[in-house]
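Undergrad: Got a structure here, written out as structure tokens. Questions coming.
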Amino acid sequence: MKLKAKKKALYLMAGLVLIISGCSDEDPLNEIPDCIKDKIEEIKEQDVWNSPAKIYQYQYKGLTVYYIPPRCCDIMSSLYDENCDIICSPDGGIAGNGDGLCPDFFTSRTDESLVWADERE
């Protein structure tokens, strides 16, 4: 009997640990700068384009940067620093090469993390 009770208690404790560890009040958006949150709100107020908007976080030249890919046609992407100062447009535009100010972005960036994706259709 003691063994069954110990097993049952062990299973209950393991279940509680799994339930508690699965619950998190942390919102990944809490870890990004307010100005990037503002960009997300701006996008939400716009119509949905051909491609849903996404925002990625990377490390680039020692900085944490935020990349917003082009969403349609000949529109350029945007690469922002943590203060939402635009660094460059790595791609997009008529030729697809962006503004040419950071031609090494796609080969030099590291630590990709999807920060936000517009789930509207």
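Undergrad: Restricting to the stretch 41-87, name every residue that is touching a residue at least 12 places away in the same chain (Cβ under 8 Å), of a type in the set (A, V, I, L, M) and surrounded by fewer than 17 Cβ atoms within 10 Å (Cβ to Cβ).
TA: Hits for the stretch 41-87 are Val48, Leu63, Ile75.
Undergrad: For the stretch 19-40: of the residues being at pLDDT below 85 and surrounded by 10 or more Cβ atoms within 10 Å (Cβ to Cβ), which is farthest from Ser77 (Cα to Cα)?
TA: By that ranking, first place goes to Pro28.
The values are calculated or read from the model by the stated rules, or taken from the named source; none is laboratory data. Everything quoted here is computed from the prediction, not taken from an experiment. No Cβ is skipped: glycine too gets one built from the backbone with ideal geometry, and neighbour counts run over all protein chains shown.
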